[in-house]
Amino acid sequence: MAWRDATVGQSIVIVANGAVRAAQIITGILTIYLYINEKEYWTGCGMPARINYEFVLGSLCIVTGLVLGFIPLKMSYRPVALAAPWDAIMFFMYSAAFGVMRKAPSDIANNTANDYSVSCISRKNAKNTTGNTKKYQDHLSALHDKSWVNLAGMLLFLTSAILGITLLWVGRNRGLTSRHSAV
């Protein structure tokens, strides 16, 4: 079932898949774009692994959206439906990113064993600690606010995983009752 051979119902599925995959691409781009500015600030403060995880996650999101968005146009929807486990993995990866980045500001503020706040506040222009404290607080709240992009990615991959599983189930049931398949 390529686009040219699709029935009306199959065309609706292909368009819905394309919309979800396009939103995933946009979410991946936003993930990278929003955290690129934070990387420079937080790298010297001991948080590069959390920020690098966001870059890897954004890249995987873009590649997944591109590949699984264009396959139904040329081949069949079945490979995309069979990618539901990968969508579930990406859902859990975005869930982890959301939890980690949502909790990061409180971890940094409450953790006195490591010197996140001291090194970040005093790292540049030690004479102006008031200005550095404000900049530190701004970056800390930005980390908290940018985590909502992870929630959007989490919901998009949950949607695509459910769509894939549903289409496999519908195709399997229709295959048992008739010769025509939904996927």
Quick one: count up the residues across the stretch 70-93 that are more than 13 Å from residue 157 (Cα to Cα) and free of Cβ contacts under 8 Å to residues at least 60 places away in the same chain. 3
Those residues of the stretch 12-37 which are of a type outside the set (A, V, I, L, M) and surrounded by fewer than 13 Cβ atoms within 10 Å (Cβ to Cβ), in sequence order: 33, 37
Counting just the residues of the stretch 38-67 that are touching a residue at least 40 places away in the same chain (Cβ under 8 Å) and among the aliphatic types (A, V, I, L, M), which one comes out surrounded by the most Cβ atoms within 10 Å (Cβ to Cβ)? 57
Does the stretch 112-126 contain at least one residue that is among the acidic types (Asp, Glu) and at pLDDT 70 or above? no
Of the numbered conditions (1) exposed (fewer than 12 other Cβ atoms within 10 Å of the Cβ); (2) modelled with pLDDT of 75 or more; (3) not small (Gly, Ala, Ser), residue 154 satisfies every one except a single condition; which is it? (1)
Could you check, for the stretch 39-55, whether at least one of its residues is of a type in the set (Val, Ile, Thr) and outside any helix (DSSP H, G or I)? no
Residue satisfying condition, being over 15 Å from residue 149 (Cα atoms) and surrounded by fewer than 16 Cβ atoms within 10 Å (Cβ to Cβ), within set 89, 71: 89
I'd like the residue in the stretch 15-63 that is over 10 Å from the mean Cα position of the chain (by Cα) and of a type in the set (S, T, N, Q) and, out of all such residues, is farthest from residue 159 (Cα to Cα). 43
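If you check residue 87 against the conditions, is it at pLDDT below 80 and part of a helix (DSSP H, G or I)?
no
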I need every pair where a residue in the stretch 152-165 that is hydroxyl-bearing (Ser, Thr, Tyr) has its Cβ under 7 Å from the Cβ of a residue that is crowded, with 17+ Cβ neighbours inside 10 Å and part of a helix (DSSP H, G or I), sequence separation at least 6 or different chains. 159/20; 160/20; 160/87
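The values are calculated or read from the model by the stated rules, or taken from the named source; none is laboratory data. Because the structure is a prediction, the values reported are computed rather than measured. Positions of Cβ are generated from backbone atoms using ideal geometry, with glycine treated the same way; all protein chains shown enter the neighbour counts.
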